[in-house]
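I have a structure I would like to understand better, so I am pasting it below and will then ask my questions one at a time.
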Amino acid sequence: MSSYDRRVHAYRADLADVALRGQVDAARFVAPQPYHLMAPLADLHRAPRLDAEVESQALFGEAVQVYEVADGWAWVQLQEDGYVGYLPAEAVKPGHIEATHRVWATSTPLFPEATLKAPTTKFLYFWSQVRVIGDRGRYAEIEGGGWLWKDHLRPLDTHEPDYVKTAQRFLESPYLWGGKSSRGLDCSALQQLALRAAGHGAARDSDMQWAEGGPGLGQVLAPDSPRQRGDLLFWQGHCAIALDAQQVLNATAGHLATVIEPFDEIDGRARQDSPEGLLGLRRLA
């Protein structure tokens, strides 16, 4: 039996990534095909059903590797963080965009015309990738159609080193299991988005972030270490960012929102499910 993590390794009994040949058991191995997300936001499901658990989300312009398209579903691997799951086939398009910018606002309307009065129901979200192909006044035209407010975009190579500041921009956003945008996000997505905007290649889930080796997410400190701003705090199944020795920022089901709260409060909730409490801290240099 394979010990590979199905969240980040594309394999099933009937089909697997050709890169895993000889490492996992599968009836057939295929090379993935490059696609990209053309929907503003799409749920990544555990199984090819709308009622299957949503484990993550994909953002507009995100590169995806597609292994299979069948019955209205695409079995994919997100290129940015390697997460594997099922997207509605209509949400993806073959090929990839040569992105020039990222959305830097937590959300921004995608207008059909370069005017604030153009009616729209579409929004793009922080960290989405777009290719700007034209401009008109304060609007940028993007590949695929539509106009975005220029001030809500940043060049693709932009970074914000202060990931605490970035995470605080999501305050009061709803908590949503598997969510990855200001419409709703979970604890590890909040950290992942903020850290990636700072140039750190953070994994998707809290256990992955806690277990990551190397210097990517800093040094590991004992749970009783004095906390300071920017420390990444990990419990079993949850994570948060320290604002100082006493206050933390986290997206939590306890409030169904992204909130600032005392460390003792969040630690008390965590201990109800996992008596050992805080596993430890990661401190970036």
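Please state which one of 35, 11, 83 is hydroxyl-bearing (Ser, Thr, Tyr) and over 30 Å from residue 142 (Cα atoms). Explain how you work it out, then say what you get.
Details: 35 fails: over 30 Å from residue 142 (Cα atoms); 83 fails: over 30 Å from residue 142 (Cα atoms).
Every option except 11 fails the conditions.
Yes/no matrix, rows are residues, columns are (1) closer than 24 Å to residue 110 by Cα; (2) at pLDDT 95 or above:
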| residue | (1), (2) |
| --- | --- |
| 129 | yes, yes |
| 138 | yes, yes |
| 142 | yes, yes |
| 164 | no, yes |
| 182 | yes, yes |
| 200 | no, no |
| 219 | no, no |
| 222 | no, yes |
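Name every residue in segment 121-139 that is in contact (Cβ under 8 Å) with a residue 24 or more places away in the chain and either touching a Phe, Trp or Tyr at 6+ places or on another chain (Cβ under 9 Å) or not in a loop (DSSP other than H, G, I, E, B) (or both), in order of residue number.
Looking only at segment 121-139, we keep the residues that are in contact (Cβ under 8 Å) with a residue 24 or more places away in the chain, and these are 122-132, 139.
Scanning segment 121-139 gives 122, 123, 124, 125, 126, 127, 128, 129, 130, 132, 139.
Return the residues of segment 95-120 that are free of Cβ contacts under 8 Å to residues at least 40 places away in the same chain, touching a strand residue (DSSP E or B) at 6+ places or on another chain (Cβ under 8 Å) and closer than 28 Å to residue 174 by Cβ; say none if nothing qualifies.
Matches in segment 95-120: 111, 112, 118, 120.
A further question on this structure: Of everything in segment 156-176 that's without any contact (Cβ under 8 Å) to a residue 60 or more places away in the chain and touching a Ser or Thr at 6+ places or on another chain (Cβ under 7 Å), which residue is farthest from residue 205 (Cα to Cα)?
Once the filter is applied, the top-ranked residue is 156.
Within segment 20-46, take every residue that is hydrophobic (A, V, I, L, M, F, W, C) and exposed (fewer than 13 other Cβ atoms within 10 Å of the Cβ) and give me the one that is nearest to residue 80 (Cα to Cα).
Just the residues of segment 20-46 that are hydrophobic (A, V, I, L, M, F, W, C), to begin with: 20, 24, 26-27, 29-31, 37-39, 41-42, 44.
Cutting the leftovers down to exposed (fewer than 13 other Cβ atoms within 10 Å of the Cβ) gives us 27, 31.
Numbers: 27: 27, 31: 18 Å.
Checked segment 20-46; the qualifying residue nearest to residue 80 (Cα to Cα) is 31.
Here's something else I'd like to know. Could you figure out which of (1) over 13 Å from residue 175 (Cβ atoms); (2) touching a Ser or Thr at 6+ places or on another chain (Cβ under 6 Å) isn't true of residue 263?
Tallying (1) over 13 Å from residue 175 (Cβ atoms); (2) touching a Ser or Thr at 6+ places or on another chain (Cβ under 6 Å), residue 263 fails exactly one: (2).
Okay, next question. How many residues does segment 26-48 hold that are without any contact (Cβ under 8 Å) to a residue 24 or more places away in the chain and of a type outside the set (Phe, Trp, Tyr)? First the steps, then the outcome.
Within segment 26-48, the first condition is being without any contact (Cβ under 8 Å) to a residue 24 or more places away in the chain, and the residues that meet it are 26-29, 31.
Restricting the remaining residues to those that are of a type outside the set (Phe, Trp, Tyr) gives 26-28, 31.
Residues in segment 26-48 being without any contact (Cβ under 8 Å) to a residue 24 or more places away in the chain and of a type outside the set (Phe, Trp, Tyr): 4 in total.
Kindly indicate the residue of segment 236-285 that is part of a loop (DSSP other than H, G, I, E, B) and free of Cβ contacts under 8 Å to residues at least 40 places away in the same chain and also surrounded by the fewest Cβ atoms within 10 Å (Cβ to Cβ) among those meeting that condition. If you could, list the steps in order and put the result at the bottom.
Let us first name the residues in segment 236-285 that are part of a loop (DSSP other than H, G, I, E, B), namely 236-237, 243-246, 253-256, 274-279, 284-285.
Now drop any that are not free of Cβ contacts under 8 Å to residues at least 40 places away in the same chain, which leaves 237, 244-246, 254, 274-275.
Details: 237: 13, 244: 12, 245: 11, 246: 11, 254: 16, 274: 13, 275: 8.
The residue in question is 275.
Here's a follow-up. Since residue 227 meets every condition but one in (1) outside any helix (DSSP H, G or I); (2) crowded, with 18+ Cβ neighbours inside 10 Å; (3) out of contact with any strand residue (DSSP E or B) (no Cβ under 8 Å at 6 or more places or on another chain), which condition does it not meet?
Condition not satisfied by residue 227: (3).
Okay, moving on. Out of all the residues in segment 116-162, which are farther than 22 Å from residue 64 by Cβ and of a type in the set (Val, Ile, Thr)?
Of everything in segment 116-162, those that are farther than 22 Å from residue 64 by Cβ and of a type in the set (Val, Ile, Thr) turn out to be 120, 121, 158.
I've got another one for you. On the basis of being over 26 Å from residue 209 (Cα atoms) and in contact with a strand residue (DSSP E or B) (Cβ under 8 Å, 6 or more places away or on another chain), does residue 21 make the cut?
On the way: over 26 Å from residue 209 (Cα atoms): yes; in contact with a strand residue (DSSP E or B) (Cβ under 8 Å, 6 or more places away or on another chain): yes.
Yes, satisfied.
Does residue 27 count as touching a Leu at 6+ places or on another chain (Cβ under 9 Å) and either under 26 Å from residue 128 (Cβ atoms) or among the hydrophobic types (A, V, I, L, M, F, W, C) (or both)?
yes
The values are calculated or read from the model by the stated rules, or taken from the named source; none is laboratory data. Predicted model, so just to flag it, every value in this text is computed and none were measured. FYI the Cβ positions are ideal-geometry reconstructions off the backbone, even for glycines, and counts take in every protein chain you see.
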